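Peer 1: I have a structure I would like to understand better, so I am pasting it below and will then ask my questions one at a time.
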Amino acid sequence: MARKRPDPVQVVKQRRDATLSALVHGVPYIQFLGIEFERRGDELTAILPFDDKLIGNPMLPAIHGGVTAGFLETTAVIGLAWSVLWDDVESGRIDMDELTSGKLPRLPKTIDFTVDYLRSGLPRDAYARARVNRSGRRYASVHVEAWQDQRSVLFAQATGHFLMPQRES
C-alpha cells in the first residue's frame, strides 16, 4: 500500500498562518485591544502593543487591570484552541475555504479565570504565553504568564478552566 506524500512545507505553513489569522481576526475584542500572535512552530506568543487607550491610571501610568485580564484570557483561549486545532491543521483536515469565508471553529468557553496581578503593567508592549495543563474532550486547564521587558519578570499570571466545544466527527 502506497503511503500518501506529505504536503510541501510551504503549504503547511500557509495553512498554519491562515488558521491562526482566522482565529485572531474572527474575534472583535482581540481587534479592539490590538492583540497580535506570533507563531514559532506550535508555540504562540501573544503581543499587546502599547496604546494610550490601554492606560487605566494615568497618574502611574499603568495598564488597566481589565485590559490585563482580557489579554491573559484571550491568550489562554487562542492558545487552547490552537493546541486543539494543531493536528487538524497539520493533516489538512481544516477546510481553508470555510476559514477564509469566516466560518470559524467554535472556541472554548471560560468556566473560571483567576488573575494574579504581580506588579503594574508599564506603558509599553506586553507579551504572554499560555501553557495547556490539561485538555480533554470536555474540560481544559490553562496557565498564562505575561511579561514586558524580561521574560523572567512577570507582571501578571492567570489560571483558567474552560469548557471544550464538541468536536465534529
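Peer 1: Could you tell me which of the residues SER101, SER83 is among the polar types (S, T, N, Q), at pLDDT below 90 and surrounded by 17 or more Cβ atoms within 10 Å (Cβ to Cβ)?
Peer 2: Working: SER101 fails: surrounded by 17 or more Cβ atoms within 10 Å (Cβ to Cβ).
One residue alone meets the criteria, SER83.
For (1) surrounded by fewer than 15 Cβ atoms within 10 Å (Cβ to Cβ); (2) aromatic (Phe, Trp, Tyr); (3) touching a residue at least 24 places away in the same chain (Cβ under 8 Å), each residue gets a yes or a no:
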{"residue": "THR19", "(1), (2), (3)": "no, no, yes"}
{"residue": "ALA22", "(1), (2), (3)": "no, no, yes"}
{"residue": "VAL27", "(1), (2), (3)": "no, no, yes"}
{"residue": "ILE30", "(1), (2), (3)": "no, no, yes"}
{"residue": "LEU33", "(1), (2), (3)": "no, no, yes"}
{"residue": "ARG40", "(1), (2), (3)": "yes, no, no"}
{"residue": "GLU43", "(1), (2), (3)": "yes, no, yes"}
{"residue": "LEU48", "(1), (2), (3)": "no, no, yes"}
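Peer 1: Somewhere in the range 87-94, is a residue of a type outside the set (Val, Ile, Thr) and at pLDDT 85 or above? Before the answer, list the steps.
Peer 2: Taking the range 87-94 and keeping what is of a type outside the set (Val, Ile, Thr), we get 87-88, 90-93.
If we keep only those that are at pLDDT 85 or above too, we end up with none.
Within the range 87-94 (the criterion being of a type outside the set (Val, Ile, Thr) and at pLDDT 85 or above), the answer is no, since none of the residues qualifies.
Peer 1: Among the strands (runs of 3 or more DSSP E) lying completely within the range 1-61, list those that include at least 3 residues that are over 20 Å from the mean Cα position of the chain (by Cα) and either at pLDDT 85 or above or within 15 Å of GLY121 (Cα to Cα) (or both).
Peer 2: Passing ranges, in order: 55-57.
Peer 1: Oh, and also: So, of the residues in the range 55-75 that are free of Cβ contacts under 8 Å to residues at least 60 places away in the same chain and surrounded by 14 or more Cβ atoms within 10 Å (Cβ to Cβ), which turns out to be farthest from ARG129 (Cα to Cα)?
Peer 2: Only one residue fits best here, namely GLY56.
Peer 1: Listed residues ARG151, ARG134, ARG167, ARG129; which is assigned to a strand (DSSP E or B), exposed (fewer than 13 other Cβ atoms within 10 Å of the Cβ) and either touching a residue at least 40 places away in the same chain (Cβ under 8 Å) or of a type outside the set (A, V, I, L, M, F, W, C) (or both)?
Peer 2: Numbers: ARG151 fails: assigned to a strand (DSSP E or B); ARG167 fails: assigned to a strand (DSSP E or B); ARG129 fails: exposed (fewer than 13 other Cβ atoms within 10 Å of the Cβ).
Just one listed residue meets the conditions, ARG134.
Peer 1: Those residues that are touching a Lys or Arg at 6+ places or on another chain (Cβ under 6 Å) and not β-branched (Val, Ile, Thr), I need them from the range 29-80; list them, please. Give the steps one after another, and end with the answer.
Peer 2: Just the residues of the range 29-80 that are touching a Lys or Arg at 6+ places or on another chain (Cβ under 6 Å), to begin with: 45, 50.
Hit for the range 29-80 is PHE50, nothing else.
The values are calculated or read from the model by the stated rules, or taken from the named source; none is laboratory data. All values derive from a computational prediction rather than experimental measurement. So basically every Cβ, Gly included, is an ideal-geometry build from the backbone, and we count neighbours across all protein chains shown.
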